[in-house]
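The values are calculated or read from the model by the stated rules, or taken from the named source; none is laboratory data. Keep in mind the model is a prediction, meaning the values are calculated, not measured. Cβ atoms come from the backbone with ideal geometry, glycine included; neighbour counts cover every protein chain shown.
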Amino acid sequence: MNTFTASPVFGVALTVMFYAAGLQLQKKLKWAHPLVSTCVGLMLTVKLLHIPLENYAVGGDMVTYLLGPAVVALGVPMYKNGKKLRKAAVPLSVAIGVGSAVGMITAGACAALMGASPEFIASAVPKSVTTPIAMEIARELHGFPEIAAAMALVAGIIGNLAGPEILRFCGVKHDLAMGAAMGTSSHGFGTARLLKEHDLQASTASLAMAVAGMTVSVLAMMVPWFLRMVAGRGWHGI
């Protein structure tokens, strides 16, 4: 059994199987997001069958690796609307930069006020960027890549499920603004939602996701200073 579960085929096949089942479930229950049902199914299987996480990760990491090429593929809609995006380069740059900084500050500050450890704070800061980048940032900051991945997943799912509705409720209607907000806060999951609905919004979200990833990576260099400030002021929660 241990030899079987340690095979890369096991992790990949198990992930694909649960995701396919999640897609079928969503047809009957619209609120049941396939990513959530896939995660729940995988966790229950690993727990109930006593499968070592290291065994599943042999194949699961291969699926994670494919996130990179998937993100690159999102450049296609961005290329299609390149002229419109270039004309709005300045306002988009400001919006994405400010949005990235605000996302990091709010995540880090909330974690600090709730008494989280420095490692957890470092893991929460990159929550709005795509999972591979969030994990690498957390690793470089001596945080927990697994927590960073989980928080990025939650941020993406929330954006995918209700992002456009929340933004419209707040009065955001412009296509470029909608795309910039979704790409900056909900990375690939939010962009995937827009791909089904509006081409220009999806193009803007693709650009925002890429720029936000670079911006957060640069701003992450200030996180150690923030952690030292938190430790110096003795914030131990609310």
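For the reader, a short list of remarks on this structure follows.
- Tallying residues that are at pLDDT 80 or above and over 20 Å from the mean Cα position of the chain (by Cα) within the stretch 207-233 yields 1.
- The one condition in (1) closer than 20 Å to Gly99 by Cβ; (2) among the aliphatic types (A, V, I, L, M); (3) touching a helix residue (DSSP H, G or I) at 6+ places or on another chain (Cβ under 9 Å) that Val154 fails to fulfil: (3)
- Candidate set from the stretch 80-113 (those that are free of Cβ contacts under 8 Å to residues at least 60 places away in the same chain and farther than 23 Å from Val172 by Cα); member that is surrounded by the most Cβ atoms within 10 Å (Cβ to Cβ): Ala111
- Residue match in the stretch 22-36 (condition: of a type in the set (S, T, N, Q) and under 21 Å from Ile158 (Cβ atoms)): yes
- Qualifying residue in the stretch 1-16 (condition: of a type outside the set (Lys, Arg), surrounded by fewer than 13 Cβ atoms within 10 Å (Cβ to Cβ), over 16 Å from Asp61 (Cα atoms) and in contact (Cβ under 8 Å) with a residue 24 or more places away in the chain): yes
- Among the candidates Leu167, Leu176, residue that is part of a helix (DSSP H, G or I), in contact (Cβ under 8 Å) with a residue 40 or more places away in the chain and in the same structural domain as Leu207 (by TED's automatic domain parsing): Leu176
- When Leu35 is tested against (1) surrounded by 13 or more Cβ atoms within 10 Å (Cβ to Cβ); (2) within 17 Å of Thr130 (Cβ to Cβ); (3) assigned by TED's automatic domain parsing to the domain that holds Phe189, only condition (3) is not met.
- Residues that are farther than 25 Å from Ile158 by Cβ, buried (at least 17 other Cβ atoms within 10 Å of the Cβ) and not aliphatic (A, V, I, L, M) within the stretch 38-66 comprise Asn55, Tyr56, Gly59, listed in sequence order.
- Condition met for Glu146 (within 24 Å of Lys30 (Cβ to Cβ) and charged (D, E, K, R)): no
- None of Thr191, Thr204, Thr184 is crowded, with 20+ Cβ neighbours inside 10 Å, assigned to a helix (DSSP H, G or I), modelled with pLDDT under 90 and among the β-branched types (Val, Ile, Thr) except Thr191.
- Spans of helices (runs of 4 or more DSSP H) in the stretch 62-158 with at least 2 residues over 17 Å from Met222 (Cβ atoms) and β-branched (Val, Ile, Thr): 67-73, 89-113
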